[in-house]
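What follows is a set of notes on a single structure, which appears directly below.
The values are calculated or read from the model by the stated rules, or taken from the named source; none is laboratory data. This structure is a prediction, so every number in the text was calculated from the model and none was measured. Reconstructed Cβ throughout: ideal geometry from the backbone, glycine too, with neighbour counts over all protein chains shown.
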Amino acid sequence: MVSRLIMKNKFMKEAGCFIGIDVSKLWFDLSLLKVTGGVKEAMLTERFDNNAAGFKVLLKWLKDRSVPFDENTLVVIENTGVYHRLIWQFCTEHGFSLHIGNAAGIKWSLGITRGKDDVTDSQRLCNYCYRHADELRVSPTLDPVILHLKDLMTSRIRLIKQINSTKVYLKELKSSNSKEVQKIMERAHKDALEGMKKSLLLVEAQIKKVIQQHAPIRTNYKLLKSVPGIGHVTALYLICCTANFSSRISGKQLASYGGVAPFTSSSGTSIKGKPRVHKMANKELKRLLHMGARSIANHHPEFKQYYQRKLKEGKHDLCIINAIRNKILLRAVSVINKQTEYVSNYVKNA
């Protein structure tokens, strides 16, 4: 599928439309480059409101300029969290090929640049879209169910952090406050804590409802939970990060995204660093994997034996835990690709 996509994009460089969009909260700046017979036309730039009315104006603007509403139009935007969702929906509805890129990766690919504003950024994205059209992978179409699940998971994480933060704050006050003042502070926060706990239960109930009502998510959720080290929260988080594995991500790619894949650092004869994980990672996914790896290293027979063996070989504790995190992700991708539950070779051999 990827090879067909690349071939299509190579054809687009000879004839097609390339659009770069710089997205902000209230508006977005769009730059359009049309190519006909290998000849580039002058780049056009326009600003639109980032709301329903703005997209109606955008639709008319594109039609007036004879932009094809099909795969021959490639759009590039940076991932901006929630602000680019309307553009994502617009491209899905009108059949545009959309690439949602990592902001850091796009910035580094531009080389040395000076100055920055919204219009210039959209023009740079448009040029990036044209130059790298044969390399870009089209992002999956917008799935409202995955988006809803992702919002629920984000709300769950935020509520847990707020509850824990409030509890820690009250606990720290206890050591310096008098009993009377401490009671006042605990009473003042009581309703807030209870309200957040109720909200958390409501979010959990909604998450379970989404899993039960949608068969593809339910199937992958059960498969992921069969892997040692992956529980309820980690399985859901993986589904949200990968759009339910719709992009056919490999185990190595997922390990790199989760920050558990080691990379070498060497140059010539002077720099010979040890392989280390990179600081660019999804920190929440890495945290969940760390807890899962710790748990199975202590309680799961297969991984407990592996952990003890590596310790005796002189490996560092965190190095072994990272290897276990890597194994968890590789097994997760494997069960999804094969659509079969995980079967431990350790158990079969036993």
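Structure summary
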| read-out | value |
| --- | --- |
| Scope the range 69-105; condition polar (S, T, N, Q), in a loop (DSSP other than H, G, I, E, B) and closer than 19 Å to G16 by Cα; matching residues | N72 |
| The range 201-233, residues that are within 17 Å of L285 (Cβ to Cβ) and charged (D, E, K, R) | K225 |
| Answer residue from the range 330-350, given it is out of contact with any helix residue (DSSP H, G or I) (no Cβ under 7 Å at 6 or more places or on another chain) and of a type in the set (V, I, T) and is modelled with the lowest pLDDT among those | V347 |
| Residue list for the range 39-66, restricted to those being under 33 Å from the mean Cα position of the chain (by Cα) and hydrophobic (A, V, I, L, M, F, W, C) | M43, L44, F48, A52, A53, F55, V57, L58, L59, W61, L62 |
| Residue among F303, F263 that alone is in contact with a strand residue (DSSP E or B) (Cβ under 8 Å, 6 or more places away or on another chain) and either of a type in the set (F, W, Y) or modelled with pLDDT of 95 or more (or both) | F263 |
| Options V233, V181; residue that is outside the structural domain of R294 (by TED's automatic domain parsing) and in contact (Cβ under 8 Å) with a residue 12 or more places away in the chain | V233 |
| Check on G195, surrounded by 14 or more Cβ atoms within 10 Å (Cβ to Cβ) and either at negative phi or of a type outside the set (S, T, Y) (or both) | no |
| Residue in the range 253-263 that is touching a Lys or Arg at 6+ places or on another chain (Cβ under 9 Å) and loosely packed, with under 12 Cβ neighbours inside 10 Å present | yes |
| Scope the range 142-162; condition charged (D, E, K, R) and in a helix (DSSP H, G or I); matching residues | K150, D151, R156, R158, K161 |
| Residue in the range 330-346 that is surrounded by fewer than 19 Cβ atoms within 10 Å (Cβ to Cβ) and among the charged types (D, E, K, R) present | yes |
| Residue that is free of Cβ contacts under 8 Å to residues at least 24 places away in the same chain, of a type in the set (A, V, I, L, M, F, W, C), closer than 27 Å to D143 by Cβ and out of contact with any strand residue (DSSP E or B) (no Cβ under 6 Å at 6 or more places or on another chain), where the choices are V82, V39 | V82 |
| Candidates S165, S155 - the one that is under 20 Å from the mean Cα position of the chain (by Cα) and outside the structural domain of K327 (by TED's automatic domain parsing) | S155 |
| Search result, residues across the range 249-269 that are touching a helix residue (DSSP H, G or I) at 6+ places or on another chain (Cβ under 9 Å) and at positive phi | G259 |
| Only listed residue being surrounded by 14 or more Cβ atoms within 10 Å (Cβ to Cβ), in a helix (DSSP H, G or I) and of a type in the set (S, T, Y), chosen from S122, S139, S165 | S122 |
